[in-house]
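What follows is one structure encoded as structure tokens, with my remarks underneath.
The values are calculated or read from the model by the stated rules, or taken from the named source; none is laboratory data. The model shown is predicted, which means the values in this text are computed figures rather than measured ones. No Cβ is skipped: glycine too gets one built from the backbone with ideal geometry, and neighbour counts run over all protein chains shown. Quick note on the areas: whole protein, heavy atoms, side chains included, nothing else; ligands and nucleic acids left out. Shrake-Rupley method; radii C 1.70, N 1.55, O 1.52, S 1.80 Å.
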Amino acid sequence: MDKQHEMMAAIPAESTEHHRIVSQQEWIEERKVLLKKEKELTRLNDELARQRRKLPWVKVDKSYSFQSEQGNETLSDLFGGKSQLIIYHFMFAPGWKEGCPGCSFLADHIDGANLHLAHHDISVVVVSRAPLQELLPFKSRMEWKFKWVSSFDSDFNYDYFVSFTPEQVESGEIYYNYQNLKHDEGTESPGSSVFYKDKMGNIYHTYSSYSRGCDVLIGAHNYLDLTPKGRNEDSTMDWMRHHDKYDDFKKDNNSCCH
């Protein structure tokens with residue numbers, strides 16, 4: 001996995017040995033203190049979402065072409081009759097045999113949400129730079145249902161700062177997550193972008209996030225964060241693999257990122 005995924009800092013493993021044991025009443029008092037902080041965070045998240053919706057938009061005037069199972073499509077086509085489009089930039093470069101494990105982990109969460117989002121004026125599409133014929137066998141293997149298209153024939157990945165030319169990588173510096181970063185390996189990084197199409201057909205870029213900004217899309221992390229051991233990882237997602245490889249993981253105990 002490339003350095004952009006490594007930047008998604010691991011949540012250290014929590015020790016369950018010698019944990020403090022208290023009475024039920026003491027536990028309730030401490031739980032109420034934490035509840036106050038949880039409510040503050042909920043209100044802050046609501047406020048951040050409001051501010052996110054208030055961001056100005058950028059009109060998309062450039063034409064983009066995507067390879068899909070329905071043939072060549074434009075960015076407008078990807079809306080699928082909706083006014084809102086969420087794109088997940090999945091790390092899968094031309095020539096790769098399978099998709100990034102971290103992006104695959106996130107992608108495992110898309111289909112469940114999509115059962116509902118499709119009925120709320122939102123289209124969710126996954127975009128990768130590899131040609132479609134390289135993406136579809138992996139999609140079939142993972143048994144995903146979401147729409148996955150290739151941006152191989154366009155500048156889309158480069159314009160939204162999730163792919164980098166060999167020359168950029170060779171220079172040792174890329175522009176990612178709204179800053180210049182030292183980088184000397186890998187041409188792909190993860191991200192998500194949101195677009196809006198008005199009644200006249202005009203398309204606007206409204207939001208993009210990168211690196212740990214995509215964590216909000218990973219529901220499994222929220223489950224893990226409720227447990228005593230938490231995410232229980234020594235490096236970023238070192239426990240996680242493609243969902244059809246966990247048996248192999250038990251045998252070799254290697255990180256998915258290597």
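Annotations for the structure displayed:
- Qualifying residue in region 6-28 (condition: modelled with pLDDT under 90 and in a helix (DSSP H, G or I)): yes
- Residue match in region 183-202 (condition: over 16 Å from the mean Cα position of the chain (by Cα), at pLDDT below 95, exposed (fewer than 12 other Cβ atoms within 10 Å of the Cβ) and over 27 Å from residue 241 (Cβ atoms)): no
- Qualifying residue in region 154-166 (condition: on the phi > 0 side of the Ramachandran plot and in contact (Cβ under 8 Å) with a residue 40 or more places away in the chain): yes
- Strands (runs of 3 or more DSSP E) wholly inside region 58-162 containing at least 2 residues that are of a type outside the set (Gly, Ala, Ser) and open to solvent by less than 10 Å² (accessible area, probe 1.4 Å): 84-89, 122-128, 147-150
- Taken together, the residues in region 163-182 that are open to solvent by 40 Å² or more (accessible area, probe 1.4 Å) and closer than 17 Å to residue 103 by Cα amount to 1.
- Subset of region 71-89 that is in contact with a helix residue (DSSP H, G or I) (Cβ under 8 Å, 6 or more places away or on another chain) and not aliphatic (A, V, I, L, M) - its residue that is nearest to residue 110 (Cα to Cα): 88
- When each of 83, 68, 140 is tested for being closer than 20 Å to residue 245 by Cβ and not basic (Lys, Arg), the lone residue that passes is 140.
- The residue pairs whose first member lies in region 104-119 and is in contact (Cβ under 8 Å) with a residue 12 or more places away in the chain, whose second member is part of a helix (DSSP H, G or I) and open to solvent by 40 Å² or more (accessible area, probe 1.4 Å), and whose beta carbons are closer than 7 Å, counting only pairs six or more residues apart or on different chains, are 106/217; 109/217.
- When region 23-37 is limited to residues that are under 29 Å from the mean Cα position of the chain (by Cα) and surrounded by fewer than 10 Cβ atoms within 10 Å (Cβ to Cβ), the one that is nearest to residue 216 (Cα to Cα) turns out to be 37.
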